[in-house]
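Take a look at the structure set out below.
The values are calculated or read from the model by the stated rules, or taken from the named source; none is laboratory data. The shown structure was predicted, so the numbers you read here are calculated from the model rather than taken from an experiment. Counting neighbours? That spans all protein chains shown, and the Cβs are built from the backbone with ideal geometry, glycine included.
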């Protein structure tokens, strides 16, 4: 069995096949998986917020969609991935608590997903699948040998995208 590489909150990592990247407890956070299917190089970012320019303490680039995706791409290219071959899968971005307000700041999960999709599209990275939104958390495992993203949710059926 391959060792799993754990990616914490506001963290990212990349590895070669047959590595397995995993992150626990994606609530409003988004797990962004990037993959070079030819070289079988995978990367996972566990982002917490959509935009580093809106926060004063923004030194942790892995915390934000706008900076985390670029850092993950750089790390994967250093391992031998081609930016032109990268594809993506997304999970998370839930609305974990219900609020009776129209305040956009409370829609963190939705905003994280929207920012991630927008950045990936701008970079020309095709999104092959996503399991986002709703009101429940997820734990994910990405298998670099197959490109499968395994999604576990308490009380729901497991998924593979």
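A quick yes/no check of all residues on (1) under 26 Å from residue 38 (Cβ atoms); (2) surrounded by 16 or more Cβ atoms within 10 Å (Cβ to Cβ):
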| residue | (1), (2) |
| --- | --- |
| 81 | yes, yes |
| 84 | yes, no |
| 92 | no, yes |
| 110 | no, yes |
| 156 | no, no |
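Looking at 47, 41, just one residue is touching a strand residue (DSSP E or B) at 6+ places or on another chain (Cβ under 7 Å), buried (at least 17 other Cβ atoms within 10 Å of the Cβ), farther than 14 Å from residue 92 by Cβ and at pLDDT 95 or above, and that residue is 41. Among the residues of the stretch 1-41, those that are under 24 Å from residue 118 (Cβ atoms), assigned to a strand (DSSP E or B) and out of contact with any helix residue (DSSP H, G or I) (no Cβ under 8 Å at 6 or more places or on another chain) comprise 21, 23, 26, 31, 33, 35.
Looking at the stretch 58-67, can you tell me whether even one residue there is modelled with pLDDT under 95 and part of a loop (DSSP other than H, G, I, E, B)?
So in the stretch 58-67, the residues modelled with pLDDT under 95 come out as 58-59.
Subsequent filtering for residues that are part of a loop (DSSP other than H, G, I, E, B) retains 58-59.
There is at least one residue in the stretch 58-67 that is modelled with pLDDT under 95 and part of a loop (DSSP other than H, G, I, E, B).
Would you point out which residue out of 73, 69, 119 is out of contact with any strand residue (DSSP E or B) (no Cβ under 7 Å at 6 or more places or on another chain) and surrounded by 15 or more Cβ atoms within 10 Å (Cβ to Cβ)? Just one listed residue meets the conditions, 119. Here 44, 72 are screened, and the one residue that is closer than 17 Å to residue 10 by Cβ, assigned to a helix (DSSP H, G or I) and touching a residue at least 40 places away in the same chain (Cβ under 8 Å) is 72.
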